[in-house]
1. How would Ile183, Ile110 line up from fewest to most surrounding beta-carbon atoms within 10 angstrom?
2. Net charge around Glu241, counting only other residues with Cβ within less than 15 Å of its Cβ (Lys, Arg = +1; Asp, Glu = -1)?
3. Could you please report the charge total around Phe147, scoring K, R as +1 and D, E as -1 over all other residues with beta-carbon less than 11 angstrom from its beta-carbon?
4. Over the chain, what relative contact order in percent results from Cα pairs under 8 Å that are six or more residues apart?
5. Apply the Karplus parameterisation 6.51 cos²θ - 1.76 cosθ + 1.60, with θ equal to phi minus 60°, to every residue of segment 41-50 and state each ³J(HN,Hα) to the nearest whole Hz, in sequence, with x for glycine and proline.
6. Going by the alpha-carbon gyration tensor, a ≥ b ≥ c the square roots of its eigenvalues, is segment 238-329 rounded (a/c under 1.5) or, if a/c is not under 1.5, prolate (a/b greater than b/c) versus oblate?
7. What shape does segment 214-271 take by its C-alpha gyration tensor, where a ≥ b ≥ c are the square roots of the eigenvalues and a/c under 1.5 counts as rounded, a/b above b/c as prolate, and the rest as oblate?
8. Between Gln317 and Val248, what FRET efficiency comes out of the Förster formula 1/(1 + (r/R0)^6) with R0 = 41 Å and r the beta carbon distance, rounded to 0.05?
Amino acid sequence: MAQPSLGEVHRQMPNPDDLKNLVRYKGPSSDQTVLKQASTNSELQKAVEAGDLNMARSLLRYGAAKRCVNVNAPLYPKRERLLHLAARKGSRDLCILLLEARAEIDAEEISDGKQPLHEACKHGHLDICELLLDRKARIEEANFTGFKPLHWAASSGHVDICDMLLDRKAILHSASGDTWEAIHHAAAHGHAEVVRLLCERGAKPDAETGTGQPAVRLACLSDHTKVVKTLLDFGALFCMEDFSAEGVLRRCQGTEIEDLVREVGRLRFELDEAEEMSDIGHADDAAALFAGVYAAFCSLGMRVSAASVRRDAARLQIDLPDLEPQDQA
């Protein structure tokens with residue numbers, strides 16, 4: 001689509017008087033100037049929402065020529081800015097255009113204080129996250145509830161953005177206002193791949209919130225079996241009493257999650273038993289137990305646990321069969 005000329009833009013602009021009942025402003029500029037800027041900003045907002053790069057570029061040229069555009073004007077009702085809209089929609093070119101027009105990169109909207117980088121992280125736009133960070137957006141800036149970019153990406157399940165943020169030195173263990181770390185947000189929302197990434201990057205699978213809730217318990221309460229398995233694979237601890245009639249996980253009694261936790265508990269017990277068998281010289285019994293535990297972890301698709309069993313067996317000079325852990329949903 002051809003880029004509209006200044007004359008074409010001018011002819012389609014609404015009459016500023018049409019906005020006089022919407023704009024209430026008293027300041028150094030005249031009412032006519034304020035209304036003219038409001039009409040230009042209104043058309044620019046429509047262009048950004050529609051993803052119309054050519055129209056947005058033309059409106060910015062028109063606004064610069066007539067001195068009647070402000071890319072940092074707050075938008076109704078949350079007083080967010082045009083850069084918030086462009087970041088949320090995933091339009092990198094529009095973001096570049098607005099930044100070149102001096103859009104404020106760390107502007108906050110008033111509902112919960114989200115910034116453009118927060119919007120990009122929440123909605124999974126990796127290229128825009130990289131753009132904003134390259135333009136010096138603050139990677140550890142939080143909104144009003146303490147959510148930082150890593151928390152938004154983790155709670156929304158965007159593995160690639162979490163990985164990029166950590167590469168750019170985002171603090172892995174920082175907590176949001178509710179004392180939850182990124183791993184808690186990912187676990188509670190059922191994002192197993194994000195949990196795996198965070199654990200691989202050094203997150204503690206047993207990290208607790210300020211109220212003493214570990215990530216595995218949050219995953220159990222939300223019925224996220226795959227997340228529970230991932231946390232157990234990285235060595236998360238658990239207590240079977242939580243599944244009792246008085247326990248905090250009593251609602252999970254008789255479910256697949258309880259069966260999984262019991263099976264992992266049994267395998268860990270047998271692994272300890274295999275170590276003891278080896279220590280007292282019962283090499284054949286120890287080898288059989290190691291082989292059984294290794295095969296069970298492979299069958300469950302718990303790669304980290306299976307690799308740990310293989311290392312322990314090798315340390316004790318026990319050969320295990322070559323098995324490939326099964327990927328399970």
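Values in this text are rule-based calculations from the coordinates and carry no lab data. Computed from a predicted structure; not experimentally measured. No Cβ is skipped: glycine too gets one built from the backbone with ideal geometry, and neighbour counts run over all protein chains shown.
1. Fewest to most other Cβ atoms nearby, the residues stand as Ile110, Ile183.
2. Its environment carries a net charge of +1.
3. Net charge around Phe147: 0.
4. Relative CO of the chain lands at 8 percent.
5. 4, 4, 5, 5, 4, 4, 5, 5, 4, 7
6. Oblate is the answer for segment 238-329, as a/c is 1.5 or above yet b/c matches or exceeds a/b.
7. Since a/c reaches 1.5 but b/c is at least a/b, the shape of segment 214-271 is classed as oblate.
8. FRET efficiency, Val248 to Gln317: 0.45.
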